[in-house]
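Structure record follows, encoded as structure tokens.
Just so it is clear, none of the values below were taken in a lab; they were calculated from the coordinates. What you see is a predicted model; the values in this text were computed from it and never measured. Cβ coordinates were reconstructed from backbone atoms using ideal geometry, including for glycine residues, and neighbour counts include every protein chain displayed.
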Amino acid sequence: MAQGYDTIIIGLGAMGSAAAYQLARRGQRVLGLERYTPGHTHGSSHGRSRIIRQAYFEGAAYVPLLLRAYELWRELERESGEDIMRLTGGLMIGQPAHITVAGALVSAQQHGLPYELLDAAALRRRYPMLQPDASTVALYEQNAGVLRPEAAIQAYLRLAAARGAELRFEQPALSWRADARGVQVTTGRGNYEAAQLIIAPGAWAPQLLAELALPLVVERQVLYWFAPKGGYAAYQPDRFPIFIWEIEDHMQFYGFPAEQHAPFGVKTAFFRNGEACTAETCDRVVRPDEVAGIRAAIDRLIPDLGGELIAAQTCLYTTTPDEHFILAKHPHHANVTVASPCSGHGFKFASAIGEVLADLASEGATKQPIGLFDPRRFGTFTAENAESADSYN
């Protein structure tokens, strides 16, 4: 088939926008397709803030990719002139055996990352708004902080376009096909052809990657912004870190310093405590019982934070059973790369994943360690579904 582009990218959220930038700066002819407007609120890359951290309780294997992500976020700031990443320090809080603490400690020790261990008394002295019980401990890392997702995506899109990438919004991909001659993507406005395809569809992965039969679950999550009862002074980024607090086994409550960009507020949420849905059927209305649930956690752990609810918003997680990413060449098509850096902890990696996607599309391989993310680990891609893998709707 004729090739109008070097690479087509389906999805221009965090991962797709970063890949568009990386490919365009390498001189590739790039077409990016997005079903909504830039930086929209229908998916997984909005909400005004994301946590970034290095002492990674999800697994020490992630740390090398994280360290590269930090370098590339700073590079994006230099090139775009935008404030993207602010280091505030971070607390991983819980019982000593909780994965949030124990897993972070393993990552820090294996990779020589700086950290401190705080008992409950030290935690209360340093951050008197926190109310841990006597058996609670915390791992503090100075290199944790906050990313601004909307600013990051807009910066990547702007820089990609400046380097010649064609970015088309409100034009969802309806289907795609691939063979040895190239790839073709169909939208409501026509067919587009290229040598390579990157599929980074976020919560639309179950549809666009249906032939892989991946065990993906889309989950509705709720984000909340509160005004502290005692005012914002104690929650400023130079005084209050990001935190993830495991309040029960695998039940995590997380939050941020006060926001420095309007409409302000202190953001909190539960981590992976959502309801299964699809990208199309997600209920965007936040219910009173959900607000009551987050208030109960705040009243117990950070009672000063439980002032006026300023805002609440939904977003989507796309989760795998092992909570690791999907990031690899398509098992049947060498000219297709699939990306679902997901399970609620992917955004911080977007800068590095954009580079990995560009490597896979332009070079066929990457030096970054991504073996953990191969979709074949689920054993769902069989000879039967491979037979029909030339065309997907």
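Lysine pairs in the chain whose alpha-carbon atoms fall under 25 angstrom of each other, counting only those eight or more residues apart or on distinct chains, come to 5. Within a Cβ distance under 14 Å of Ser45, other residues only, what is the Lys/Arg minus Asp/Glu net charge? Net local charge, Ser45 excluded: +3.
Annotation: peptides 304-312, 348-356, ranked by per-residue average of other Cβ atoms within 10 Å with the highest first, follow the order 348-356, 304-312.
Note on Thr380 and Gln260: their simple-model spin labels are 4.1 nm apart, each label 7 Å out from Cα toward Cβ. Remark: Tyr21, Tyr56 ranked as Tyr56, Tyr21, counting other beta-carbon atoms within 10 Å and listing the fewest first. Can you tell me, using C-alpha contacts under 8 Å and at least 6 residues apart, the relative contact order of the chain as a whole percent? For the chain, the relative contact order is 24 percent.
Kirkwood hydrodynamic radius for the chain: how many Å is it when counted over pairs of different Cα atoms? Final number for the Kirkwood radius of the chain is 21.5 Å.
Of Thr337, Thr7, Thr320, Thr37, the sequence from fewest to most neighbouring Cβ atoms within 10 angstrom is Thr37, Thr320, Thr337, Thr7. Roughly how tilted is helix 350-362, in degrees to the nearest 10 and between 0 and 90, from the longest Cα axis of the chain? Tilt relative to the chain: about 20 degrees. Note the angle between two axes, namely the Cα long axis of helix 14-25 and the longest principal axis of the Cα atoms of the chain, as a number of degrees from 0 to 90, rounded to the nearest 10. Tilt of helix 14-25: around 50 degrees.
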